[in-house]
Amino acid sequence: MTYVVTESCIKCKYTDCVEVCPVDCFREGPNMLVIDPDECIDCTLCVAECPVDAIFAEDELPPEQRHFTALNADLAKAWPSIVEQKEAPADADEWAKVKDKEQLLEREA
């Protein structure tokens with residue numbers, strides 16, 4: 001099993017989760033993070049750190065977010081590793097509670 005970053009991260013991209021990851025499994029895209037499933041060790045440390053509740057265990061994903069498992073795996077191959085916390089985008093708090101943001105996902109790193 002792996003952990004999966006879901007739609008809530010889009011345009012928020014808080015990086016609190018990165019600081020606690022013992023294996024550096026996070027990858028950074030233009031406006032969200034993903035988890036590399038080949039690197040994740042299922043430690044759960046990142047879940048509590050995410051201020052927008054964007055990280056779920058693969059088997060606990062809400063039905064409408066299940067496709068993010070494949071999305072994380074695909075994007076993790078293309079996006080670079082992130083190992084240190086960065087400042088969130090200036091408008092991250094405004095996007096934190098917005099739903100249905102998947103169309104805003106920027107895929108090019």
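Among the residues making up the stretch 31-51, those that are out of contact with any Lys or Arg (no Cβ under 8 Å at 6 or more places or on another chain) and surrounded by 13 or more Cβ atoms within 10 Å (Cβ to Cβ) are PRO37, GLU39, CYS40, CYS43, LEU45, CYS46, VAL47, GLU49, CYS50, PRO51.
Listed by first and then second residue, the pairs linking a residue in the stretch 60-83 that is of a type in the set (Asp, Glu) to a residue that is surrounded by fewer than 13 Cβ atoms within 10 Å (Cβ to Cβ), with Cβ atoms under 9 Å apart and 6 or more places separating them unless they lie on different chains, form an empty list.
Computed from the coordinates by the stated procedures, all read-outs in this text should not be read as laboratory data. These numbers were taken from a predicted model, which means no experiment stands behind them. Ideal geometry is used to build each Cβ from the backbone, glycine not excepted, and the neighbour counts take in all protein chains shown.
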